[in-house]
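Novice: Please find one structure pasted underneath; my questions will follow.
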Amino acid sequence: MRCAAGGDGGPPPAAGGPPGAAPARPLNYRVALITGANTGIGFETAKALARQDYRVVLACRNKEKAEAARAKLQELVPENTRGVEVAVMDLADLGSVRAWAQRAQDFGHPVDVLVNNAGVMACPQMQTRDGFEMQLGVNHLGHFLLTNMLLPLLSTPERPSRIVTVSSAAHYFGHINFDDLQSQRNYDSWRAYGQSKLANVLFSYELARRLPVGANCTANTLHPGVVDTELARYLLPGQTAWWQKPLLQFGKAFSLTPEQGAQTSIYLASSPEVEGVTGKYYNKCRPETSSSESYDATVAARLWDVSAELVGL
Ligand SMILES: NC(=O)c1ccc[n+]([C@@H]2O[C@H](COP(=O)([O-])OP(=O)(O)OC[C@H]3O[C@@H](n4cnc5c(N)ncnc54)[C@H](OP(=O)(O)O)[C@@H]3O)[C@@H](O)[C@H]2O)c1
């Protein structure tokens, strides 16, 4: 899948200041930060934005994997003049998110695109360093804190910016269980994944409502398709029942490549077609109706307040 007016290969920006140098004045190169950019959909999104000459920040939990991805991007996109940067950040450890976001705030360069992409799916019952259920913690709460801390850099009236949150069609079977948000009772890995992906959609819609018009910033969310990536790591042999294996093989044969799966993220992050569009859910580069619970503004506001309290905002 490739979107008609997708951003891959768009025009380079005007010349700006040197990458990495402390800005004496606002620099005019564009910055895109992508979480979970060392592999899968995130890597392909980073590649496309590097081709558009963004300075690309790979926000990853593993420094070695991130450095390897950076080297690969530099090889694949030699025409990029702005550079590729690594930000070591574990979304399962809010301290590391806070520390990096604080450094970004201190540096003060505007962020033009934030892609909340990193994710874990259907893992066994696990907790983040802060004691949250892993999927809610990584997929939603880590991104909630990161986005909120970067908002001063994203909301610059003179510079349009975009926040893209990668959700999933799995949000359709998700439900926000405020009575057991951390899935401590009768843990079901898929139910917890669905809840975290619904949280992505509710967060994105609520963010779009809360961003002031003058902030010149949009917030959208998406389903990337069924994509052959490392996301199924917890479903690998050993963790998979015998009857699930042929189903997985069958699904793999029909899934998208990571490059194809990144197209809606790239489109929302950079296509002129969606300039100013906000508060929408996309699939295959087209707006779609998300689940009925995702439009419940009361649930969204409550989730926002609970999340803010949990991450200590
Ligand atoms: N693949 C699909 O069919 C599909 C369908 C619907 C939605 N999605 C969504 O698409 C997004 C990207 O997934 P993908 O398919 O590209 O999966 P992937 O290949 O597994 O990539 C996930 C990325 O997230 C990173 N990550 C995981 N835990 C993290 C943490 N604690 N802190 C920081 N980064 C962390 C991973 O880092 P490591 O490499 O270090 O593990 C990896 O870079 C996810 O949000 C997923 O829910 C995917």
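The values are calculated or read from the model by the stated rules, or taken from the named source; none is laboratory data. Since this is a predicted model, take the numbers as computed values, not measurements. Every residue, glycine among them, receives a Cβ derived from its backbone with ideal geometry; neighbour counts consider all protein chains shown. Areas reflect the complete protein model, heavy atoms only, side chains present, ligands, DNA and RNA absent. Shrake-Rupley method; radii C 1.70, N 1.55, O 1.52, S 1.80 Å.
Novice: Just the number please: accessible area per residue for the chain, 1.4 Å probe, all protein chains included, in Å².
Specialist: Value for the chain: 44 Å² per residue.
Novice: Which of GLY137, GLY214, VAL56 sits closest to the plus end of the dipole of the chain, meaning its Cα is farthest towards the positive end, when Lys and Arg get +1 and Asp and Glu get -1 on the C-beta?
Specialist: VAL56
Novice: So, with +1 on the Cβ of K and R and -1 on the Cβ of D and E, and no other charges, what is the size of the charge dipole of the stretch 31-311 about its Cα centre, to the nearest 20 debye?
Specialist: 320
Novice: I'm a student and want to see the number: the projected area of the Cα convex hull of the chain, averaged over all directions, in nm².
Specialist: 15.5
Novice: Need one number: nm distance between label points at GLU64 and THR257, each 7 Å from Cα along Cα→Cβ, rounded to one decimal.
Specialist: Here the answer is 2.8 nm between the modelled labels.
Novice: Just checking the chain: which Cys have no other cysteine's beta-carbon under 4.7 Å?
Specialist: Those would be CYS60, CYS123, CYS217, since no other cysteine Cβ in the chain comes under 4.7 Å of theirs.
Novice: Right, here's the next one. Hey, in the GNM for the chain with a 10 angstrom Cα cutoff, which one of LEU94, LEU202, LEU211 fluctuates hardest?
Specialist: Judging by the Gaussian network model, the answer is LEU211.
Novice: Let me ask something additional. Order 280-291, 166-177 from most to least packed using the mean count of other Cβ atoms within 10 Å.
Specialist: Result, highest mean Cβ count within 10 Å first: 166-177, 280-291.
Novice: Just how large is the dipole of the stretch 180-313 about the Cα centre, in debye to the nearest 20, putting +1 at every Lys and Arg Cβ and -1 at every Asp and Glu Cβ?
Specialist: Charge dipole of the stretch 180-313: 260 debye, to the nearest 20.
Novice: Output wanted: per-residue J couplings in Hz (rounded whole) for the stretch 69-80, from phi through Karplus 6.51 cos²θ - 1.76 cosθ + 1.60, θ = phi - 60°, x for Gly and Pro.
Specialist: With the stated coefficients, the stretch 69-80 comes to 5, 4, 4, 5, 5, 4, 6, 6, 10, x, 6, 5 Hz.
Novice: Read phi for every residue in the stretch 54-66 and hand back ³J(HN,Hα) as whole Hz from Karplus 6.51 cos²θ - 1.76 cosθ + 1.60, θ = phi - 60°, with x for Gly and Pro.
Specialist: Listing the rounded values in order: 6, 7, 9, 10, 8, 8, 9, 8, 10, 4, 5, 5, 5 Hz.
Novice: On to the next question. What do you get for trypsin sites (Lys or Arg not before Pro) in the stretch 96-178 restricted to DSSP loop and a cutoff of at most 16 other Cβ within 10 Å of the site's Cβ?
Specialist: Taking the stretch 96-178 and a limit of 16 other Cβ atoms within 10 Å, the loop trypsin sites (Lys or Arg not before Pro) found are ARG129.
Novice: Here's a follow-up. Checking the a/c ratio against 1.5 first, then a/b against b/c, what shape does the Cα gyration tensor give for the stretch 26-70?
Specialist: Verdict is prolate for the stretch 26-70.
Novice: Also, quick follow-up: Using 7 Å Cα-to-Cβ label points, what is the ASN28/ALA71 separation (nm, one decimal)?
Specialist: A separation of 3.6 nm, rounded to one decimal place.
Novice: Using modelled amide H (1.01 Å from N, peptide plane; none on Pro or chain starts), what sits under 5 Å from the amide H of LEU222, excluding residues fewer than 5 places away?
Specialist: Answer set, sorted by chain and number: THR165, SER167, TYR282.
Novice: Quick check: at a probe of 1.4 Å, how many percent of the accessible area of the chain sits on carbon and sulfur atoms?
Specialist: 54
Novice: Residue by residue through the stretch 85-100, which ³J(HN,Hα) values in whole Hz follow from phi under the Karplus form 6.51 cos²θ - 1.76 cosθ + 1.60 (θ = phi - 60°), with glycine and proline marked x?
Specialist: 10, 10, 10, 7, 8, 9, 5, 8, 9, 4, x, 6, 5, 4, 4, 5
Novice: If the reach is capped at under 16 angstrom between alpha carbons, list the aspartates and glutamates near LYS280, excluding any in the same chain fewer than eight residues apart.
Specialist: Reachable aspartates and glutamates: GLU206, GLU288, GLU293, ASP296.
Novice: Using modelled backbone amide H atoms (1.01 Å from N, in-plane), which distant-in-sequence or interchain residues come within less than 5 Å of VAL31's amide H?
Specialist: Hits under the 5 Å cutoff: ARG55, ASP112, VAL113.
Novice: Quick one: which residues, 5+ away or cross-chain, put their amide H under 5 Å from the amide H of ALA122? H built at 1.01 Å from N.
Specialist: Residues meeting the amide H criterion: TYR193.
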